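Below: the structure, in structure tokens.
The values are calculated or read from the model by the stated rules, or taken from the named source; none is laboratory data. Quantities reported herein were computed from a predicted structural model and do not represent experimental measurements. Cβ placement follows ideal geometry from the backbone for every residue including glycine, while neighbour counts extend to all protein chains displayed.
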Amino acid sequence: MRGAILLPIFLNLATPAEAQPRSLGIFFQWGAFEEGNHCFAIAEPERSPRPRDWKPFASIGYWPGHGVRGQLHIRLSRQKREGSAVLLKIDDRTWQLIGGGNNAWAPDRRADAEIVAAMRTGVDMTIETRSDRGARVQDHYRLRGAATAIDAAAIACARPS
């Protein structure tokens, strides 16, 4: 699966202090972090139901050793119903994401690049799907600070180790 590279970073954000990501900065609702050989910009949704077992988020990740730059990863606030579309909307543009369970990704690098470009100039981002129980799921993000957090993550992972 396309997001398998980034998935391990986010499986458990509550890890021992020595394994915590290093903050590169907080920019309104968005943060940028470096952890080992990868960097990411990340935010929690402004409005969404809160699951008990995980925290929903949107992130843009960089893994220079794997050739990954600007990869979108969404952790949904609810388990997605099998067969339901996951739609990402930024202002007046919409993309269909791929994924399953509580995760979603852009279908390819081109879509990643389009989404990141739209995030840089956009105001609001919404992720919509149907939960495994059939309820409408809608996670809402403000994009103020996203461009700066994305740039901080990209720059940190562009530096030679």
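Observations on the structure shown:
- Boolean, residue 52 is over 14 Å from the mean Cα position of the chain (by Cα), more than 22 Å from residue 144 (Cβ to Cβ), modelled with pLDDT under 95 and crowded, with 17+ Cβ neighbours inside 10 Å: no
- Residue match in the stretch 11-18 (condition: of a type outside the set (Val, Ile, Thr) and either modelled with pLDDT of 95 or more or within 26 Å of residue 107 (Cβ to Cβ) (or both)): yes
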